[in-house]
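Read through the structure below, which is laid out as structure tokens, and then see the notes.
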């Protein structure tokens, strides 16, 4: 399996063939739909012999076309093996020295279903009926699939999102000004947040009132919906959430019990979508932190990692940096609510990281987005006096690239562990510990 949606085979002329919905061990007939000089992409036209590694009864009826679960057709235990191999492939094609490290198996989920605590669906409008659709895009396409049931997310989301679509249709809310529907829950599914993401420049007063009416209606129908909001985003990019939001009902956040913490989470804040697996990452980080350590928590989000560690270790000195303003506000409140002393700074990390080059830290914690760290951030991280870097990554490609860069500053990788945060997709989380004398 590639680190992507495709199984890889080789044609007679040696050209690599990436086949959608295939599984190693399949015997297939195929049709090429995208040809390049040294590789091609293909679809299966006939599955002649099924691989023994295939899942016997995939739960989702649309998994073959939906862009969310690229590996649901593969047995879960085999998914874990392919993810480990993906990680090893990236490491072996890098200059990372792992001569003294044994790469363990990927840490699995006990039950790899109904784990996502947040979904964001793009929307579309059926021209003939005005009916609002919401779901995921077809693979390699801009065609939207109207999702009514998704087995990897909290099951309560199905009912809520379907009702939101009904209300939007009844109230005349259309794709012209509505971009996405966001639904987020706490771990016990007793507090839910709903956010409608809109194009402000297309939003006349009449449509604005329709949005507020819809959110008030959904709040009244579902008592577990504790907050609703409108988020404004006019950017023509793949960034989903804009920087401006308006709370319609509730306080603008929900509260989750994560370990020993009570965490406030807003619609805009980054929070891991699989909290049961993320708690295992905290367990893995804990032995690498000592009482009294001074920590810089870059890309800190709402403070989940550093505050969790502060509950387990005494007298930590914590400084966090985060670009999303509401996440920083959440982090500051979370520290206060949990009686933890910590400083959280609202800043783009590239603009602020140089301020810490003359300080001594025991550990730098970095949990960047999929694109990893910029060269400027990596250089400044390397210049900071620190004994170790704790790197949490959702992308093994950028993780290995960034580790290579940090090796030039005397860091050596002493620990790598993959955790399956995203069952039935090709994605996974990796924890790496880098140390220097």
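Which condition breaks for residue 129 when tested against (1) over 29 Å from residue 425 (Cβ atoms); (2) surrounded by fewer than 14 Cβ atoms within 10 Å (Cβ to Cβ); (3) modelled with pLDDT of 95 or more?
Every condition holds for residue 129 apart from (3).
Can you confirm whether residue 315 is loosely packed, with under 15 Cβ neighbours inside 10 Å and within 21 Å of the chain's Cα centre (by Cα)? Let's see the steps before the verdict.
Working: loosely packed, with under 15 Cβ neighbours inside 10 Å: yes; within 21 Å of the chain's Cα centre (by Cα): no.
When the stated conditions are applied, residue 315 does not pass them.
Tell me which residues, restricted to segment 184-216, are buried (at least 21 other Cβ atoms within 10 Å of the Cβ), touching a helix residue (DSSP H, G or I) at 6+ places or on another chain (Cβ under 9 Å) and in contact (Cβ under 8 Å) with a residue 60 or more places away in the chain.
185, 186, 192, 195
So which of 251, 294 is closer than 25 Å to residue 219 by Cα, in contact with a strand residue (DSSP E or B) (Cβ under 7 Å, 6 or more places away or on another chain) and surrounded by fewer than 18 Cβ atoms within 10 Å (Cβ to Cβ)?
On the way: 294 fails: closer than 25 Å to residue 219 by Cα.
Only one candidate passes the filter, namely 251.
Name the residues in segment 200-213 that are over 14 Å from residue 182 (Cα atoms), at pLDDT 95 or above and under 29 Å from the mean Cα position of the chain (by Cα), would you?
Matches in segment 200-213: 212 only.
Scan segment 82-97 for residues that are surrounded by fewer than 16 Cβ atoms within 10 Å (Cβ to Cβ) and either without any contact (Cβ under 8 Å) to a residue 60 or more places away in the chain or assigned to a loop (DSSP other than H, G, I, E, B) (or both) and jot them down.
88, 92, 93, 95, 97
For the structure I just gave you, tell me whether residue 420 is surrounded by fewer than 23 Cβ atoms within 10 Å (Cβ to Cβ) and in contact with a helix residue (DSSP H, G or I) (Cβ under 9 Å, 6 or more places away or on another chain). Talk me through it step by step, then tell me what you get.
Numbers: surrounded by fewer than 23 Cβ atoms within 10 Å (Cβ to Cβ): no; in contact with a helix residue (DSSP H, G or I) (Cβ under 9 Å, 6 or more places away or on another chain): yes.
Considered against the rule, which asks whether it is surrounded by fewer than 23 Cβ atoms within 10 Å (Cβ to Cβ) and in contact with a helix residue (DSSP H, G or I) (Cβ under 9 Å, 6 or more places away or on another chain), residue 420 comes out as no.
Can you name the residue in segment 48-81 that is surrounded by fewer than 17 Cβ atoms within 10 Å (Cβ to Cβ) and over 23 Å from the mean Cα position of the chain (by Cα) and is also nearest to residue 142 (Cα to Cα) among such residues?
61
Go through segment 127-183 residue by residue and tally those that are outside any strand (DSSP E or B) and touching a helix residue (DSSP H, G or I) at 6+ places or on another chain (Cβ under 9 Å).
Here is the first cut: in segment 127-183, the ones outside any strand (DSSP E or B) are 127-131, 139-143, 147-152, 154-177.
Cutting the leftovers down to touching a helix residue (DSSP H, G or I) at 6+ places or on another chain (Cβ under 9 Å) gives us 129-131, 147-150, 160, 163-164, 167-168, 170-174, 176-177.
Residues that pass the stated criteria total 19.
Of the residues 266, 219, which is surrounded by 19 or more Cβ atoms within 10 Å (Cβ to Cβ) and in contact with a helix residue (DSSP H, G or I) (Cβ under 8 Å, 6 or more places away or on another chain)? So that I can check it myself, show each step before the final result.
Numbers: 219 fails: in contact with a helix residue (DSSP H, G or I) (Cβ under 8 Å, 6 or more places away or on another chain).
The match here is 266.
With the condition being within 23 Å of residue 284 (Cα to Cα), I'd like the strands (runs of 3 or more DSSP E) fully within segment 338-396 carrying at least 2 qualifying residues. Break it down stepwise before answering.
Working: elements: 343-346, 363-366, 388-393.
Passing ranges, in order: 363-366, 388-393.
Tell me which residues, restricted to segment 3-32, are outside any strand (DSSP E or B) and closer than 17 Å to residue 72 by Cβ. Explain how you work it out, then say what you get.
Initial filter on segment 3-32 (outside any strand (DSSP E or B)): 3-5, 11-15, 21-26.
Across segment 3-32, the qualifying residues are 3, 4, 5, 21, 22, 23, 24, 25, 26.
The values are calculated or read from the model by the stated rules, or taken from the named source; none is laboratory data. These numbers were taken from a predicted model, which means no experiment stands behind them. All Cβ positions, glycine included, derive from the backbone under ideal geometry; neighbour counts span all protein chains shown.
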